[in-house]
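For reference, the structure discussed in these notes is given below.
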Amino acid sequence: MTQDNPIPGRDAAVSLREVTYANLFEVLDLKVKPEQECLVGPNSVSISEAHFWPTGRFRAIYAVDTPVGFVMIDDHYLADENRTLELRKKGVDDYYLQRFMIDGEHRGKGYGFRAMELVIEHVKSRPNATQMTTNQVTGDSNAGEFYKKLGFEHTGEEDRGEPERLVI
């Protein structure tokens with residue numbers, strides 16, 4: 001970190017910001033801890049996928065002016081009306097937390113929790129929002145408690161062997 005961009009403290013303001021060319025490489029440089037690499041895809045893959053996914057929306061997570069994480073949701077209301085109706089008939093959820101990561105150097109400071117509160121607030125503000133789901137990757141013991149504190153509950157269903165959770 002430079003003098004202009006010091007490492008933020010635990011009480012730093014957290015925000016979600018658009019990923020632009022100006023901050024792209026900082027976001028791409030964010031990495032989870034080595035033991036978590038099998039739990040979440042790299043940000044480069046997520047950003048690439050979202051550009052070919054009409055309902056994928058992503059943001060960088062910032063603590064003050066320092067990028068500390070990344071989040072991507074699938075917002076089915078961004079699809080055309082026919083596709084939205086088709087998805088609803090199939091029982092596809094309105095909002096899905098596709099990717100969420102906090103850089104390994106910034107974990108344990110509360111940034112992830114505050115960022116997820118912002119994501120949940122955003123989803124609740126969307127038209128006709130009824131639910132947001134995500135999957136917890138088996139083996140990530142901290143994730144279960146993290147999502148539970150945010151109000152996620154097990155649905156009792158699994159998706160490709162991962163326990164699914166529900167909020168809203």
So the strands (runs of 3 or more DSSP E) completely within region 98-168 holding 1 or more residues that are within 21 Å of ALA50 (Cα to Cα) are 132-135, 153-159
Would you check if PRO8 is at pLDDT below 95, crowded, with 18+ Cβ neighbours inside 10 Å and not hydroxyl-bearing (Ser, Thr, Tyr)?
yes
Criterion first (over 28 Å from PRO127 (Cβ atoms), of a type in the set (A, V, I, L, M, F, W, C) and modelled with pLDDT of 90 or more) does LEU24 satisfy it?
yes
Would you confirm, using the coordinates I've provided, whether TYR147 is in contact with a His (Cβ under 9 Å, 6 or more places away or on another chain) and at pLDDT 85 or above?
no
Looking only at region 16-75, which residues are β-branched (Val, Ile, Thr), under 16 Å from the mean Cα position of the chain (by Cα) and within 17 Å of TYR111 (Cβ to Cβ)?
VAL19, VAL27, VAL32, VAL40, ILE61, VAL68, VAL71
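The values are calculated or read from the model by the stated rules, or taken from the named source; none is laboratory data. Keep in mind that this is a model prediction, so the values were computed, not measured. Here Cβ is always computed from backbone atoms with ideal geometry, including for glycine, and neighbour counts include all displayed protein chains.
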